1. If R0 is 25 Å, what FRET efficiency do you get for A41 and V18 from their C-beta distance, rounded to 0.05?
2. How big is the chain along each principal axis, measuring the range of its Cα positions in Å and listing the largest first?
3. How do S19, S32, S26 rank when sorted from fewest to most other Cβ atoms within 10 Å of their own Cβ?
4. Which parts of the range 18-47 would a label at V6 reach, counting a residue when its backbone N lies under 17 Å from a point 7 Å out along Cα-to-Cβ?
5. Any idea what angle helix 27-44 forms with the longest principal axis of the chain, computed on alpha-carbon atoms, 0 to 90 degrees, nearest 10?
Amino acid sequence: MGYGLVFPGSVKEGAEFVSVELETVSADEIDSIEAEEMAQADAAGVD
């Protein structure tokens, strides 16, 4: 999935393009991240 954003600019000036390479995340890493977030929420007392 990708997203593109376009902001209006000047007709007289050229555009500048920026790209970002995204890292892939494995299912194991997602599970680890979710477990860490749950632990932090529990420690903060968030339901």
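Here, each number is a calculation from the coordinates, and none is a lab measurement. Just so we're clear, the structure is a prediction, and the values are computed from it rather than from any experiment. Because the Cβ atoms are built from the backbone with ideal geometry, glycine has one as well, and the counts that use them run over all protein chains shown.
1. Working: r = 33 Å, r/R0 = 1.34.
Computed FRET efficiency for A41 and V18: 0.15.
2. Result, largest extent first: 54, 26, 14 Å.
3. Values: S19 4, S32 12, S26 8.
Ascending number of Cβ neighbours within 10 Å: S19, S26, S32.
4. Zone members listed by number: 18-19.
5. Taking Cα atoms only, the helix is inclined about 70 degrees.
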